[in-house]
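Report on one structure; see the data block that follows.
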Amino acid sequence: MDILKSNEVNMENSDKTIVKLIEEMRKKSLLKEDGKLKTRITSIKKSTYYRYLSKIVGICALSATLYASGALASHNLEKIQDDISIYHLSEKFYETIINPEISITSNKEGYYYDYLSLADKIEKFTDIDEAVYFLNFYLGDTQTDKVLEYTEYKNFSHFLKLQNYESKKEFQNNTVNKIIAHDTIADKEEELYRIQNEVDENIDKSKGGKR
Amino acid sequence: MTKELETVEIKDKEYLLLRKIEHDNFFYLYLASEENSNDFIIKKIKKEETNKLLPLDNEIEFQLACTLMLQNNN
């Protein structure tokens, strides 16, 4: 299965598989050890914060998926590998598509998304289902609605209707199966970077300089 | 651009408090080590005893905490 090979390549940047990350987080979370909430406040780069946040959200999502599917208990390795592949793609999607479109509010107390830019990127995908799946995975239904307002789909429920899905669950299952069945992770990563590059080039052209 | 975060100390090691989610009588704390990008932990504190860090009780509570994070990520 190509996806398994490409998944191994994706693991090169880390000595730990995502399953190990889940297991380590689970063990440490259940461990009784001394700890205290400190009042100290520290500053970190905004990009570092969102990278950590996206990673722990991804770990939680995969853990919940594996637990619900019984994959961990049954040692269904192929299922785990498929879930890991989806996790890696979702992480790449966040880094290349969503993260560049997050800005801090003027009072620096919140953040917002550039819905128009996100919509522009989403429409460049070969398979709109896959793009909306990952978008919805990270942003949820409300924010997905706001992005799709700038597309022909208008909102998430209308998107499901136009794509002939009877429910969000059916859309999610079908899209995950499509990704696993037809694509390799390397192909999808290439598409993500292509879209990011296209967007950057368009901005450079319109501004006459670098972003 | 920077973001200010509270920190949590576990065994003399400092963790960044990425998110704090209220559920029943507890706050669930989602923590990351600034030094190791693969080091994440979820702990909890009681609402009436916020200085004592508690472990999650079992696998089910761990899955609950994971689900809470997903529900509060929008």
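Inspection of segment A:125-136 identifies no residue that is within 14 Å of chain B (Cβ to nearest Cβ), in a helix (DSSP H, G or I) and at positive phi.
Picking from B:GLU4, B:GLU22, which residue would you name as being assigned to a strand (DSSP E or B), facing chain A (nearest Cβ under 7 Å) and of a type in the set (Asp, Glu)?
Answer to the selection: B:GLU4.
A search for C-beta distances below 7 Å between a residue of segment A:40-60 that is more than 7 Å from chain B (Cβ to nearest Cβ) and any residue that is among the polar types (S, T, N, Q) and assigned to a helix (DSSP H, G or I), counting only pairs 6+ apart in sequence or on different chains, returns A:TYR50/A:ASN99; A:GLY58/A:SER90.
A:GLU24 fulfils the conditions (1) surrounded by fewer than 19 Cβ atoms within 10 Å (Cβ to Cβ); (2) at the interface with chain B (Cβ under 7 Å from one of its Cβ atoms); (3) in contact with a strand residue (DSSP E or B) (Cβ under 9 Å, 6 or more places away or on another chain); (4) not β-branched (Val, Ile, Thr) except for a single criterion, (2). Among the criteria (1) touching a residue at least 40 places away in the same chain (Cβ under 8 Å); (2) within 7 Å of chain A (Cβ to nearest Cβ); (3) under 20 Å from A:ARG40 (Cα atoms); (4) surrounded by 19 or more Cβ atoms within 10 Å (Cβ to Cβ), the one B:ILE10 does not fulfil is (4). Note on segment B:25-37: residues that are farther than 15 Å from A:VAL57 by Cβ and either touching a Cys at 6+ places or on another chain (Cβ under 8 Å) or not in a strand (DSSP E or B) (or both) total 4. Reported count of residues in segment A:135-145, each being at pLDDT 90 or above and buried (at least 18 other Cβ atoms within 10 Å of the Cβ), is 5. Scanning for something within 22 Å of A:ALA61 (Cβ to Cβ), more than 7 Å from chain A (Cβ to nearest Cβ) and among the hydroxyl-bearing types (Ser, Thr, Tyr), does segment B:49-72 turn up at least one residue? No, there is no match, as no residue in segment B:49-72 is within 22 Å of A:ALA61 (Cβ to Cβ), more than 7 Å from chain A (Cβ to nearest Cβ) and among the hydroxyl-bearing types (Ser, Thr, Tyr).
For B:PHE62, are the conditions met, namely being more than 21 Å from A:THR42 (Cβ to Cβ) and modelled with pLDDT of 90 or more? So B:PHE62 does not fit the description; no. Which condition number in (1) surrounded by 15 or more Cβ atoms within 10 Å (Cβ to Cβ); (2) more than 14 Å from chain B (Cβ to nearest Cβ); (3) of a type outside the set (S, T, N, Q); (4) within 27 Å of B:ARG19 (Cβ to Cβ) is the one that A:LYS169 fails? Unmet condition: (1).
The values are calculated or read from the model by the stated rules, or taken from the named source; none is laboratory data. This structure is a prediction, so every number in the text was calculated from the model and none was measured. Cβ: placed from backbone, ideal geometry, glycine included. Neighbour counts: every protein chain shown.
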